[in-house]
Structures are given as C-alpha cells and as structure tokens.
Amino acid sequence: MYMPNKPNKYELKIMCLCDAKIHYLLNAFIYVGKDTSPNPRKLAVPTLNVLQLVQPIINSNRNITGDNWFSSIELVKELKKCGLTYTGTLRKTKREIPTEFLLNKDRSALSTMFGFTKDLTILSYVPKKRKSVIMLSSLHHSDEIVQNEKRLPEIIDFYNSTKGGVDSLDQKCACYNVGRRSRRWPLTFFFAMVNIMGVNASVIYKSANNENMDRRSFIVSVGGDLIMNHLKNRVTVQSLPTDLRALIKWHIGATVEASRVDIHVDNKRRRCYMCHSDNKHPHKCSVCQKGICKSHSVNIVKCLNCTE
C-alpha cells in the first residue's frame with residue numbers, strides 16, 4: 001500500500017489496538033481496503049475496523065483514542081453499545097459538525113467552544129489565529145480548561161497523553177528490528193509479528209516479575225533461550241570441529257573441562273588421529289592421550305581467579 005505521509009512509502013498497513021501506557025498490542029489485522037463482506041447496517045469502513053479491533057475489550061468500560069480517520073459520531077454510538085467510550089480528533093468535513101464550530105476569522109487565539117449532548121461532547125479549540133482543532137469525546141462531559149499558557153481543554157490534554165500508543169509501539173519495534181529486506185509480503189509480515197511479540201513479551205515479563213529489565217537485555221536473553229535446544233542438539237554431532245564444540249558447550253553451560261581437547265607437549269612425536277596427512281606432532285590430548293595437531297585442538301583461556 002502507498003502511504004505518502006509515512007517514512008516508508010510502500011509497506012503493509014496493519015491496524016493496531018495498543019495500550020496507551022505500556023504499549024502492549026491487544027489486537028491487530030492487515031488492512032486490505034474496503035471490505036467485501038456483508039454490511040447490512042451500511043457502517044463506514046473506519047467504524048468497521050474499530051469494531052473489529054475492540055472485540056477483546058468489549059464491555060470493559062475502557063476508552064478508545066483515535067485520529068480523525070476513525071472519528072465519527074457513528075463510531076461513538078457503536079462503541080457505546082459495546083460498553084466503551086471514545087476520544088479523538090474530528091475532520092472538519094464531517095456533516096455532523098455545527099457551522100458555529102468551524103473556523104471563524106473573528107475567534108481569538110486560545111479560545112474554546114463546547115457543545116454537549118446526553119452522551120457526547122464536541123469542542124472547537126483555536127491554538128492560533130485562523131486555525132482550529134475539533135475534538136469529539138464520549139468520556140468527558142465538562143468544559144474544564146487546563147490552567148496553563150496554552151489553556152488547553154481537558155479533552156485535548158487527555159488526547160495528547162493517550163494518542164501515542166501505536167506510534168510508541170512502532171518506535172520500539174524499529175529500535176530493535178529483526179526484519180530483513182524481502183519482496184515476499186508474508187515474510188515481511190512475519191518479521192513484523194516477531195518485533196511485536198518481542199515488545200509484548202517484554203511487557204508481560206516486567207509485569208509478572210516486577211523487574212525493570214531493559215529491552216535489549218531481554219531480547220538477548222530470549223534469543224539465547226530460543227537457540228538453546230538447537231545448540232544442545234548440534235553439540236552431539238560427531239563431525240563438528242573441536243573448537244566449535246567447545247564454544248557451544250561454553251554457551252550452553254556444559255562442563256568444558258571434561259571433554260575439551262587441550263594441548264600437551266611431549267617428546268614423542270605422533271600422527272594426528274584427526275588429520276588425513278601423515279605429519280607428526282609433539283602434542284597429545286589430555287583426555288584420550290591420542291596424538292593431536294594444533295588445528296584440531298583448542299586452548300581454554302581462564303583468568304587467575306577461575307584457575308584457583
């Protein structure tokens with residue numbers, strides 16, 4: 001899909017529902033454009049997408065924050081049936097907006113106009129001359145203004161504090177990205193899933209263990225656990241080079257000293273039992289006492305504390 005406003009112009013578009021505070025992904029699906037499935041109620045495409053995303057949290061009394069592509073009075077009414085509230089910016093082209101809330105040259109900067117119904121609040125805020133922002137909320141039902149230099153309405157202040165859930169998730173995924181360049185979209189989608197799973201797993205781990213581990217250390221730990229079974233199987237391969245086997249045993253925490261091949265110099269020269277050539281060498285294995293060359297042996301380096 002072509003998205004001119006994004007850093008990557010061509011990419012898969014994934015609709016996501018994230019927690020605004022911890023950026024945990026709750027639900028997602030690939031956006032393929034206008035759905036061809038039956039729509040007897042004639043709901044708009046953004047409304048259908050949001051209703052699909054909120055299925056795991058229906059009747060949980062949560063609030064959904066979205067941008068102006070999703071926002072509509074139709075969506076607010078549908079979410080109310082699901083036991084959810086909504087807060088978001090509203091496009092000025094929506095027919096439901098009263099003309100008084102549209103941009104007026106006579107309105108002063110930092111002024112706010114409110115409109116209330118039984119279940120809905122709409123406002124028009126002028127951050128500077130000849131510019132306005134229209135907001136929609138079914139969570140707020142007051143005209144409270146935050147007392148600061150911008151005199152922001154409480155609805156806009158709440159929106160600014162909760163709107164970055166998906167963007168923060170994208171930022172975390174891009175920081176430690178496992179993706180590789182590929183022309184196959186299923187593989188690209190798989191990489192995106194792995195990135196998201198890394199973020200979700202980190203959130204779950206921190207919540208369950210009450211431990212503030214940074215994401216880099218967590219990803220390294222998870223990566224080591226994922227390859228552990230493969231390393232344990234590979235170390236049993238008889239044709240594996242000795243130095244590589246010793247390195248794998250060091251990674252998996254096995255006892256290297258009992259099976260390592262160390263170099264011992266002897267006056268008697270022997271043929272290396274692992275070489276095809278008939279060259280003689282003055283070294284032998286400290287375990288099996290067989291002749292060995294330097295190419296098929298390994299030195300284990302230890303610090304002074306570990307040799308005691």
Practice problem: Kindly state, to the nearest 0.05, the FRET efficiency for CYS275 paired with SER221, given R0 = 51 Å and r defined as their beta-carbon distance. | Solution: 0.80
Self-check item: Spin-label pair ILE22/GLN52, simplified geometry with 7 Å Cα→Cβ offset, distance in nm
Solution: 2.7
Practice problem: In whole Hz, with x marking every Gly and Pro, tabulate ³J(HN,Hα) for region 54-67 from phi via Karplus 6.51 cos²θ - 1.76 cosθ + 1.60, θ = phi - 60°. | Solution: 8, 4, x, 10, 4, 6, 9, 6, 8, 10, 9, 10, x, 8
Quiz prompt | Whole-number percent relative contact order across the chain, with pairs defined as alpha carbons under 8 Å at least 6 apart | solution = 10
Self-check item: Whole-Hz couplings from phi, Karplus 6.51/-1.76/1.60, listed for region 283-292; x for Gly and Pro
Solution: 10, 9, 6, 6, 9, 9, 6, 8, x, 8
Self-check item: Two-site label geometry, LYS118 and ASN104: point separation in nm, points 7 Å out along Cα→Cβ
Solution: 2.8
Practice problem: Take every Cα pair under 8 Å in region 81-165 that's 6+ residues apart, average their separations, divide by the length, and report that relative contact order as a whole percent. | Solution: 28
Quiz item: Hey, can you list the DSSP H helices of the chain whose Cα span along the axis is 27 Å or longer and whose average Kyte-Doolittle score is at least 0.5?
Solution: 185-209
Quiz item: What relative contact order, as a whole-number percentage, does region 14-169 give when Cα pairs under 8 Å and 6 or more residues apart are counted?
Solution: 22
Exercise. Any chance you could run the full-extension gain for MET213 through PHE191? It's 0.36 nm times the residue separation minus the Cα-Cα distance, nm to one decimal.
Key: 5.6 nm
Quiz prompt | Where labels lie 7 Å past Cα in the beta-carbon direction, separation of LYS128 and ILE204 in nm | solution = 4.6
Quiz item: Hey, what number do you get for the chain at 222 nm if only DSSP H runs of n ≥ 4 count, each worth -39500 (n - 2.57), divided across all residues, to the nearest 500?
Solution: -10000 deg cm²/dmol
Quiz item: Near the amide H of VAL146, under 5 Å away, which other amide H atoms are found, from residues 5 or more places off or on another chain, if H is placed in the peptide plane?
Solution: LEU152, GLU154
Practice problem: Return the long-range amide H neighbours of ILE64 (sequence gap of 5 or more, or a different chain), with a cut-off of under 5 Å between placed amide H atoms. | Solution: THR85, TYR86, THR87
Exercise. Can you figure out the FRET efficiency of VAL32 with SER239, using R₀ = 45 Å and their beta-carbon distance, to the nearest 0.05?
Key: 0.40
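Values in this text are rule-based calculations from the coordinates and carry no lab data. Worth saying up front: this structure is predicted, and the values here are computed from it rather than measured. Positions of Cβ are backbone-derived with ideal geometry, glycine not excepted, and every protein chain shown enters the neighbour counts.
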